[in-house]
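Take a look at the structure below.
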């Protein structure tokens, strides 16, 4: 029986350029040697990586936020998330920061829920989605928001409702969809205690503990 597991592999690149460099991401063009010896050009977005947090309270509600996303011209319901701004940053520390900044919440219990590549055909973004439990209000002043985040709405929605809305095609944010369905699957399988620890290795974005 074939083992179903993603494995590292890197085809030879004979030329590379960076035609665009933005504030957080860039576009790279690689000339890649195919197995038959031909060379093809691949354009893709270079991304620092992200973390997301599915924060679950004692009433089985998930902390969600609603934010305008200009590329898709929609306001999307999402879970707290953010970029890995510092190379090699511990993703757990980044996730704790994002939960505080976007929801003013802290959590005592952290697990890894899922690791995903958002759009591997055109972007190298890797996202680690955490499960956070034992929630409480964070101490201190709320983080000052700006731009799209200034219009952000916060809510707590029952997990079962989110699962239904995902399957009905009413919710589309990648991290929310993967997060709520992964949590439902974990509960139906070996249970939440079987999830990976928060400091589990992440080959896509190696970090110092």
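Provide the FRET efficiency to the nearest 0.05 for the residue 133-residue 73 pair, computing r from the beta carbons and using R0 = 45 Å.
Plugging the Cβ-Cβ distance into 1/(1 + (r/R0)^6) gives 0.85.
Expressed as an acute angle from 0 to 90° and rounded to the nearest 10, what is the orientation of the C-alpha long axis of helix 174-188 relative to the principal long axis of the chain?
70 degrees
Just subtract the alpha-carbon distance of residue 209 and residue 155 from 0.36 nm times their residue separation and send over the number in nm, one decimal.
Extending this stretch completely gives an extra 16.2 nm.
Using the Kirkwood radius built from alpha carbon pairs, what does the Stokes-Einstein equation give as D for region 83-127 at 10 °C and 1.306 mPa s, in µm² per second?
Estimated diffusion coefficient is 131 µm²/s.
Rounded to a whole number of µm²/s, how large is the Stokes-Einstein D of region 42-131 at 4 °C and 1.567 mPa s, given Rh as the Kirkwood radius over C-alpha pairs?
92 µm²/s
Taking the Cα atoms only, what angle lies between the long axis of helix 91-103 and the longest principal axis of the chain, rounded to 10 degrees?
With rounding to tens, the tilt is 50 degrees.
Under the Kirkwood approximation for Rh and a Cα-based Rg, what ratio Rg/Rh is obtained for the chain?
0.99
Ranked highest first by average number of other Cβ atoms within 10 Å, how do 58-64, 93-99 line up?
93-99, 58-64
Out of all DSSP beta bridges with both ends in region 50-197, state the antiparallel percent to the nearest 5.
Roughly 80 percent of the DSSP beta bridges within region 50-197 come out antiparallel.
Here, each number is a calculation from the coordinates, and none is a lab measurement. Predicted, not measured: the structure shown is a model, and the values here were computed from it. Positions of Cβ are backbone-derived with ideal geometry, glycine not excepted, and every protein chain shown enters the neighbour counts.
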